[in-house]
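First the structure, in the form of structure tokens, and then the observations on it.
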Amino acid sequence: MKLDKYIKTACLLLPFCVVSCDTNKGNDKDAEMNKFVSDLMSKMTLEEKIGQSTLISSWWDVTGPVSNNDYAHKAKDGHVGGFFNALTCDFLYRLQKEVVENSRLGIPLMFGYDVIHGYKTTFPTPLAMSSSWDMEMVELAARSMAEEAAADGLHWAFAPMVDIARDPRWGRVAEGAGEDTFLGSEIARAQVRGIQGENFADTATLIACVKHFAAYGAPVGGRDYNSVDMSERQLREFYLPPYKAAVDEGCQTVMCAFNDINGVPATTNKWLMTDVLRDEWGFDGMIVTDYTGIFELTNHKTVRDSADAGAQAIRAGVDMDMQSAIFMNYSKENYEKGLISMEDIDRACRNVLNMKYKLGLFEDPYRYCDTMRAKRVLKHPKFFKASHEVAKRSIVLLKNDNEVLPISKNTKTIALIGPMATNKRNHLGTWHTAGREETVTPIYEAFLKEFPDSRIIVEDGCWYEGDDRSKFAKAVAAVRQADVVVMCMGEQEFESGEAASKTDIRLAKIQRDLIDEVAKVNKPMVLLLHNGRPMVLTDEEKKFDAILEVWHLGSMAGPAIADVVSGDHNPSGKLTMSFPRSVGQIPVYYNYLNTGRPENVNVRFTSRYLDSPNSPLYPFGYGLSYTSFSYSNIELDKDSMTKDGVIKATVKVTNTGKRDGDEVVQMYIGDQVASVSRPLKELKGFKKVNIPAGKTVDVTFEITDELLKFYNADMVRDSEPGDFDLYIGGSSQTGNKTVFTLK
Ligand code: BGC
């Protein structure tokens, strides 16, 4: 699209505008940007400045409560900085044009959207993707969704979500990378790289927004939006590092969490936004609230009224108000009353304008809106190919007795039972936003292709919920005719994600009853489990010969699942969140601190449950393969080091089975004695390696002082000399251990 009618301020200001808005690394570019933005701001009225700090949802898509206000006229007056939930090149072009041509200074809008795990082409949900432990795949998914969304005119993705989560009752665990800080930080980096690319001037990338700052993943009781109460040590040690990793990777924007932390709502948390994020971490991007975050402060009861909410939020460090319209409605009055300063308003406005500058919007406000490009790029086969690759690698084999899996292509009859067998929509998972079920290849269709010589009998047997048993008999009849039964059970897409907390995370009763009926027929049984969160599978573990955790895998779910079931692809996923034995164990996670009375099932007065082991059913890092791997003892190039030294730890990993396979080799370290209680072990490295059948590979990790640091008794992040346990193996529960010393 041509820049035909774009004649106002942007043109007046062009002499200051760089032609290529490069990665913004480097002082020259920053100086040019600062000069441009300062010049623009010198021409802006107070209302126009405040307007830049206002982000409003369009009526196109809805991701939260909406007001009936028509903000179009406000935008035309230059009193809105950006819209979200507005889609398509065409629509965004028209919206942009209205503002650029009608507002006094013609400052372009910025368009954001929840581009979480795909755009038109849906990828696996983030928790599923994290199970691949494959940073190339995670980056590829992020790259693909950014390219597709940018081609539809968008500028800004509300991703990655990096909230560490140990409580699967919380539905939003589906949006993150699970329970571990080290893995979560690596994934955060890969996602930021994927979304933002190398160069903001590249219209095939988006600006990323790491969220939800901070600790949104730890609401009391796993209930969404609930309070977060945790020590600073816990926060800094386990919850903050992934946000920091995203910031260090150059993430341009940060979204505040809805929750309070130790009583102070994240939206007005000066300590978090200003002291930690800006001053400690050196973040120089833009901070946006979550949806109506400022408005909700009146419910937190930490503000007197909306005006007070707006004043507290901007003073604490918020730059952009998402959907509350409180900056828009109260900042002027707050300024006139002396409750906020011009520095607050200027800082917020500047941070928003900087983003627009970096996106190249002052150079050409329509540069992302090219309908021809959209036609070429949206739903391009390359995205489906990528989604298929990522989906295969996200599947986790939880159980496989008697090698029931893979199912041979010579099998005569396969019964495909359950509500997910033919369903498309639920594969999209939570936050599929622009994704549509038309893009999904369902399991049944994929099985017909994958097993051309087999008879596939398909019966849904029941719905996901309710108590209609009328189809049980047909399902059982199908099972009687089959050599093997594949049951496609689980959660619907809306059962995880935002506002989807649960107290019971088992399969619904109706599904469990169907499983019982089918089990009576006594055929080899495979469970395909579709879900957004870890579930309690204690009963299913007893009833099924094999269990594949197939999550919500997106557009290519069917083919990816069929590949794994047939053995065309050997599964290599590993869990990134522990699967509890019961809800009563929650939170259950691998890197717990020891207690004074470690669990001993034979001793009453130890830290344990009377009715359950402490361990989860399936631990963090666990996942099987169609082959098997054996690990040698760990070899160290030296068994002690100084703080500036490095120890190389090597294991020989042998594929002892008959198929080639990928193994996620994981390194865990535990401090034997420290000034504060430390986790028994923590993930400190991992490598995914391909090992041909019968072959052995050497896998080496480097241990540096950085990996040994923690917040000591004085809350200083440092390491302490002494002995460390070192584990290298295929899960967090590996017993392959040695010891090294930090001198
Ligand atoms: C969610 C955010 C999301 C925002 C915009 C909120 O309800 O918490 O994650 O980015 O809506 O849709």
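Yes or no, residue by residue, for (1) assigned to a helix (DSSP H, G or I); (2) buried (at least 23 other Cβ atoms within 10 Å of the Cβ); (3) more than 27 Å from the chain's Cα centre (by Cα):
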site: Ile340; (1), (2), (3): no, yes, yes
site: Asn354; (1), (2), (3): yes, no, no
site: Asp364; (1), (2), (3): no, no, yes
site: Arg367; (1), (2), (3): no, no, yes
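The residues of the stretch 226-262 that are within 15 Å of the chain's Cα centre (by Cα) and under 30 Å from Cys369 (Cβ atoms), listed by number, are Ala246, Cys251, Val254, Met255.
In the list Pro126, Pro108, which residue meets the criterion of being within 13 Å of the ligand (Cβ to nearest atom) and out of contact with any strand residue (DSSP E or B) (no Cβ under 6 Å at 6 or more places or on another chain)? From the options Pro126, Pro108, the qualifying one is Pro126. Taking first residues from the stretch 175-198 that are open to solvent by 10 Å² or more (accessible area, probe 1.4 Å) and partners that are modelled with pLDDT under 95, the Cβ contacts under 7 Å between residues at least 6 apart in sequence or on separate chains come to Glu198/Thr23.
Remark: pairs (first residue in the stretch 106-129, outside the structural domain of Ile287 (by TED's automatic domain parsing); second residue in a loop (DSSP other than H, G, I, E, B) and within 13 Å of the ligand (Cβ to nearest atom); Cβ separation under 9 Å; 6+ apart in sequence or on different chains) are absent. Test Thr411 against the criterion of being over 23 Å from Ile510 (Cα atoms) and out of contact with any Gly (no Cβ under 6 Å at 6 or more places or on another chain), and give yes or no. Criteria met by Thr411.
Among the candidates Asp321, Asp308, single out the residue that is crowded, with 18+ Cβ neighbours inside 10 Å and away from the ligand (no atom under 16 Å from the Cβ).
Asp308
All of (1) closer than 18 Å to Thr203 by Cα; (2) within 16 Å of the ligand (Cβ to nearest atom); (3) under 23 Å from the mean Cα position of the chain (by Cα) hold for Gly82 with one exception: (3).
One line per residue, one yes/no per condition, for (1) more than 19 Å from the chain's Cα centre (by Cα); (2) within 14 Å of the ligand (Cβ to nearest atom):
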| site | (1), (2) |
| --- | --- |
| Asp180 | no, no |
| Gly194 | no, no |
| Ala201 | yes, no |
| Thr205 | no, no |
| Lys211 | no, yes |
| Gly221 | yes, no |
| Asp224 | no, yes |
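Looking at the stretch 453-555, the helices (runs of 4 or more DSSP H) lying wholly inside it that each contain 1 or more residues that are more than 33 Å from the chain's Cα centre (by Cα) and in contact (Cβ under 8 Å) with a residue 40 or more places away in the chain sit at 472-480, 509-519.
Taking the listed residues Gly621, Gly670, the one that is under 23 Å from Thr595 (Cβ atoms), outside the structural domain of Thr738 (by TED's automatic domain parsing) and either in contact with a Leu (Cβ under 7 Å, 6 or more places away or on another chain) or touching a residue at least 12 places away in the same chain (Cβ under 8 Å) (or both) is Gly621, with no other qualifying.
The set of residues from the stretch 400-447 being closer than 21 Å to Phe544 by Cα and in a helix (DSSP H, G or I) comprises Asp401, Asn402, Glu403, Ile443, Tyr444, Phe447. Scanning the stretch 285-305 for residues that are in contact (Cβ under 8 Å) with a residue 60 or more places away in the chain and not hydrophobic (A, V, I, L, M, F, W, C), we see that the one that is farthest from the ligand (Cβ to nearest atom) is Gly285.
Take the conditions (1) part of a strand (DSSP E or B); (2) within 29 Å of the chain's Cα centre (by Cα); (3) more than 29 Å from Pro534 (Cβ to Cβ); Ile669 misses just one of them, which is (3).
The values are calculated or read from the model by the stated rules, or taken from the named source; none is laboratory data. Predicted model only: the values in this text are computed from it and were never measured. Cβ sites come from the backbone with ideal geometry, for glycine too, and all protein chains shown count toward neighbours. Note: areas computed on protein heavy atoms with side chains; ligands, DNA, RNA excluded. Shrake-Rupley method; radii C 1.70, N 1.55, O 1.52, S 1.80 Å.
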